[in-house]
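Some notes on the structure that comes next.
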Amino acid sequence: MAYSQIEQETLDLDIFFKDSNKYVHIATGGGQIPNTLASLDISSEEFKELNLESLYGENEIDINPTLSDILNIENLESYLVDFIKYAKLGFYSYDKTNIGDFKNQNFHLVAKPKNGKKLLELYNEIEKLNVKFPENFQPFNLQEIISEK
């Protein structure tokens, strides 16, 4: 059915998929997302319902060292909870950079597994997209990654 524009505007959606070589989690921050990602509503909602155990420990996760420069957040530890949770499950976990700007599609990597284990067959229910998300902590534009024709 796809996430509606109202859902995109009012909810911080969690989208899960595989890119060409890793698992990806995106927190949309109440922003507009490409139709390709909006159409992952059913698989993302089903994935969130699974009771999964962490594959990585606290010391096996990298957190973006420039988060304080990117975001104006007072309680960074509280902000990181879900991103760390998904990184521990083997996901590269991204967030929207400019919360509150619906059309802005700038994102950044928040947390990722340190050793980058290739787990592409671990979560079979997750959709695979023919895209490649950055593996470093440099900000990027989502529309440039997912070009829809």
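Contact annotation: residue pairs with Cβ atoms under 6 Å, 6 or more positions apart or on different chains, pairing a residue in the range 125-149 that is within 18 Å of LYS96 (Cβ to Cβ) and modelled with pLDDT under 90 with a partner that is of a type in the set (Ser, Thr, Tyr) and assigned to a loop (DSSP other than H, G, I, E, B), are PRO139/THR97.
Residues are listed down the side, and each one gets a yes or a no for (1) assigned to a helix (DSSP H, G or I); (2) without any contact (Cβ under 8 Å) to a residue 60 or more places away in the chain; (3) within 12 Å of the chain's Cα centre (by Cα); (4) within 16 Å of PRO139 (Cα to Cα):
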site: TYR3; (1), (2), (3), (4): no, yes, no, no
site: SER44; (1), (2), (3), (4): yes, yes, yes, no
site: TYR56; (1), (2), (3), (4): no, yes, no, no
site: SER68; (1), (2), (3), (4): yes, yes, no, yes
site: ILE73; (1), (2), (3), (4): no, yes, no, no
site: VAL81; (1), (2), (3), (4): yes, yes, no, no
site: ASP95; (1), (2), (3), (4): no, no, yes, yes
site: GLY100; (1), (2), (3), (4): no, no, no, no
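Give the residue that is modelled with the highest pLDDT, with candidates limited to residues of the range 99-111 that are out of contact with any helix residue (DSSP H, G or I) (no Cβ under 8 Å at 6 or more places or on another chain) and buried (at least 16 other Cβ atoms within 10 Å of the Cβ). The residue in question is LEU109.
The condition (being touching a helix residue (DSSP H, G or I) at 6+ places or on another chain (Cβ under 7 Å) and modelled with pLDDT of 90 or more) is satisfied by just one residue among ILE63, ILE84: ILE63. Selection of the range 5-42 for residues being in a loop (DSSP other than H, G, I, E, B), crowded, with 19+ Cβ neighbours inside 10 Å and in contact with a Ser or Thr (Cβ under 7 Å, 6 or more places away or on another chain) yields only LEU13.
The values are calculated or read from the model by the stated rules, or taken from the named source; none is laboratory data. Remember, it's a predicted structure, so these values are computed and weren't measured experimentally. As a convention, Cβ positions derive from the backbone with ideal geometry for all residues, glycine included, and neighbour counts pool all protein chains shown.
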